[in-house]
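The values are calculated or read from the model by the stated rules, or taken from the named source; none is laboratory data. This one's a predicted model, so the numbers in the text were calculated from it and none came from an experiment. With ideal geometry, Cβ positions are generated from the backbone for all residues, glycine too; neighbour counts draw on all protein chains shown.
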Amino acid sequence: MSEGDTILVQRTVRGDQKAFEILVRRYQTKIAAVIARDVRDPDKVRDLTQETFIKAYRALINFRGESAFYTWLYRIAANTAMNFLISRSRVPTENDVALDDVDQVAPQLRHHETPEKLVLRDEMLNNLDRALNDLPDSMKSAIVMRDVDGYSYEEIAKALNCPIGTVRSRIYRARKEIMDNMQEYIKL
């Protein structure tokens with residue numbers, strides 16, 4: 001754990017509210033990004049981010065410092081998001097980009113598209129999303145942290161509390177499984 005985080009955690013446990021506010025400001029964007037990977041509603045992401053910090057604050061007295069503060073906080077955020085999804089009795093299967101938003105995000109996808117191409121593209125995106133969601137949680141976390149969030153292998157290893165070799169293996173296997181599921185859409 002970084003020396004700065006250690007000091008802030010110790011001060012927070014002793015009752016220093018300002019110290020916890022600094023931790024919140026330091027990590028709120030990263031925690032929101034963790035939650036947003038599974039929860040698509042921006043309002044819910046904000047609520048769950050706040051809930052994560054409330055849970056962390058209440059449990060901080062039990063934080064042993066065996067891992068980095070961010071790693072501990074990451075786990076709370078991931079569990080909070082998963083609990084939310086379970087409570088809503090659904091698994092996120094929506095595309096990252098709604099069809100209504102395609103014109104703003106990638107207008108080239110709208111040019112010269114026939115209804116058949118639209119259906120095939122939507123089917124491909126749904127299949128990609130399903131392939132990602134079908135991965136075991138350990139592989140999904142590793143590949144999302146690497147390919148979506150841009151974390152280094154070292155950062156992922158710390159966050160997931162496993163060796164770098166395991167992270168590399170999980171990412172390799174996740175990519176292979178996704179590619180195997182996407183074969184019908186890949187033109188060689």
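Of all residues in the range 39-83, exactly one satisfies the criterion of being aromatic (Phe, Trp, Tyr), assigned to a helix (DSSP H, G or I) and surrounded by fewer than 18 Cβ atoms within 10 Å (Cβ to Cβ), namely 57. Scanning the range 133-150 for residues that are more than 16 Å from residue 38 (Cβ to Cβ) and surrounded by fewer than 17 Cβ atoms within 10 Å (Cβ to Cβ) gives a single hit, 150. Checking every residue in the range 151-164 against the condition of being outside any helix (DSSP H, G or I), outside the structural domain of residue 34 (by TED's automatic domain parsing) and crowded, with 16+ Cβ neighbours inside 10 Å gives at least one match. Being under 17 Å from the mean Cα position of the chain (by Cα), aromatic (Phe, Trp, Tyr) and surrounded by 13 or more Cβ atoms within 10 Å (Cβ to Cβ), is that true of even one residue in the range 6-26? Among the residues of the range 6-26, not one is under 17 Å from the mean Cα position of the chain (by Cα), aromatic (Phe, Trp, Tyr) and surrounded by 13 or more Cβ atoms within 10 Å (Cβ to Cβ), which makes the answer no.
Of all residues in the range 167-188, how many are surrounded by fewer than 16 Cβ atoms within 10 Å (Cβ to Cβ) and either outside any helix (DSSP H, G or I) or at pLDDT 90 or above (or both)? Matching residues across the range 167-188 total 7. Do we have residue 7 as over 29 Å from residue 143 (Cα atoms) and either part of a helix (DSSP H, G or I) or in the same structural domain as residue 82 (by TED's automatic domain parsing) (or both) here? So residue 7 fits the description; yes.
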